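This report refers to the structure that appears directly beneath it.
Readers should treat all values here as calculations from the given coordinates under stated rules, not as data from a laboratory. Computed from a predicted structure; not experimentally measured. Quick reminder, even Gly has a Cβ in these numbers, built from the backbone with ideal geometry, and neighbours come from all protein chains shown.
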C-alpha cells in the first residue's frame, strides 16, 4: 500500500477504495446484523473472495469478473508469445 499523496480535498487517488467500500456496504453489509465477530468475518470473506473477485462484473474491466479478465489476459499473453 502507498500513502495518499494528494492534497486535501482531492480524493481521486482514493476513488477505487471508496468504490469498493460503497459496493461492500450496499451489496452486503447494509441492513445485516451479525451475531458474532466470527460470523461477520466469514460473511465478508465470502463476499470478497467468492463473489467480488470471482463473480461480480466490474465496469472498469469491461463488465467481466476479475477472474475472467485475468484468464483472458493470460490467454492473450500465451497467444502473443506463441506468435512471436
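Residue 72 to residue 19: extension gain in nm, 0.36 nm per residue of separation minus the Cα-Cα distance?
16.7 nm
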Q: Let me know the whole percent of all Cα-Cα pairs from the stretch 12-72 that are separated by more than 17 Å.
A: 47 percent
Q: Would you mind ranking 17, 36 so that the residue whose beta carbon has the fewest other beta carbons within 10 Å leads the list?
A: 36, 17
